[in-house]
Amino acid sequence: MAHVHDSMTTSDPHGGHHHPTTGGHHHHPTTAGHNHGGGEGSMHMMHMTFYFGYENVELLFTGLVINTAGEMAGAFVAVFLLALLYEGLKISRESLLRKSQVSIRYNSMPVPGPNGTTLMETHKTVGQQMLSLPHVFQTFLHIIQVVVSYFLMLVFMTYNAYLCIAVAAGAGAGYFLFSWKKAVVVDITEHCH
């Protein structure tokens, strides 16, 4: 979707001139205000409360503007899937980390038990080598996870209720689908007499 820019030069409150084809200001024909100095009267109307709507909703990138109910439905599905995949990525990273752990050490130590007995408590210590392919892969996945989490946060910060519901529903569905695998794996601490 193309945005139309004004062709006249306007001056800002700081004494300089703003040329629409240069500079860092974004122009959106969504509001009537033309105060180029930034602040409350800028051309982009920022919602600060939750609202239901599907017209002139900017989504993450310049030019990605939702203007119809169909576009909002598509954005809802895309955001839902992004949140679902984010949860899947989190659980997958934990599973991969468990599989790639090396140098397992068992440490036993006596602890006082009931009625004056002594129990041996065993702790499992696991580690991973820094310069290894699994750790490099984990680092790459971590970067993707951070970027996706910030995208989801920025989507939520549009205050558009449809998109916020998509984030929450996708995160919930992702947790439901993927976290049960995580719950099955438990670390067993052995107690011996």
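State whether one or more residues within region 52-66 are modelled with pLDDT of 70 or more, among the charged types (D, E, K, R) and assigned to a loop (DSSP other than H, G, I, E, B). Yes, there is a match, as at least one residue in region 52-66 is modelled with pLDDT of 70 or more, among the charged types (D, E, K, R) and assigned to a loop (DSSP other than H, G, I, E, B).
Which count do you get for residues in region 61-73 that are surrounded by 12 or more Cβ atoms within 10 Å (Cβ to Cβ) and of a type outside the set (D, E, K, R)?
Restricting attention to region 61-73, the residues satisfying the condition of being surrounded by 12 or more Cβ atoms within 10 Å (Cβ to Cβ) are 64-67, 71-73.
Among the residues that remain, those that are also of a type outside the set (D, E, K, R) are: 64-67, 72-73.
The number of residues fulfilling the criteria is 6.
The numbered conditions (1) within 16 Å of K90 (Cα to Cα); (2) within 13 Å of the chain's Cα centre (by Cα) are all true for A173 except (2).
Among the residues examined, L141 qualifies as modelled with pLDDT of 90 or more, farther than 29 Å from Y54 by Cα, open to solvent by less than 70 Å² (accessible area, probe 1.4 Å) and not in a strand (DSSP E or B). Pairing each residue of region 66-77 that is farther than 14 Å from T158 by Cβ with any residue that is open to solvent by less than 60 Å² (accessible area, probe 1.4 Å) and part of a helix (DSSP H, G or I), provided the two are 6+ apart or on different chains, yields C-beta distances under 8 Å for V77/A166. Residue-level analysis places G127 outside the set of residues that are modelled with pLDDT of 75 or more and open to solvent by less than 60 Å² (accessible area, probe 1.4 Å).
Results for (1) modelled with pLDDT of 90 or more; (2) assigned to a helix (DSSP H, G or I), shown as yes or no for each residue.
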position: G70; (1), (2): yes, yes
position: A83; (1), (2): yes, yes
position: Y86; (1), (2): yes, yes
position: I91; (1), (2): no, yes
position: E94; (1), (2): no, yes
position: R105; (1), (2): no, no
position: S108; (1), (2): no, no
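Only a single criterion out of (1) surrounded by 10 or more Cβ atoms within 10 Å (Cβ to Cβ); (2) assigned to a helix (DSSP H, G or I); (3) at pLDDT below 75 is not satisfied by L119, namely (2).
In this entry, V155 is excluded by the filter for residues that are out of contact with any Lys or Arg (no Cβ under 6 Å at 6 or more places or on another chain), open to solvent by 60 Å² or more (accessible area, probe 1.4 Å) and either modelled with pLDDT of 90 or more or outside any strand (DSSP E or B) (or both).
The values are calculated or read from the model by the stated rules, or taken from the named source; none is laboratory data. Computed from a predicted model, the values in this text were never measured in an experiment. Quick reminder, even Gly has a Cβ in these numbers, built from the backbone with ideal geometry, and neighbours come from all protein chains shown. With ligands, DNA and RNA removed, areas are computed over all heavy atoms of the protein, side chains included. Shrake-Rupley method; radii C 1.70, N 1.55, O 1.52, S 1.80 Å.
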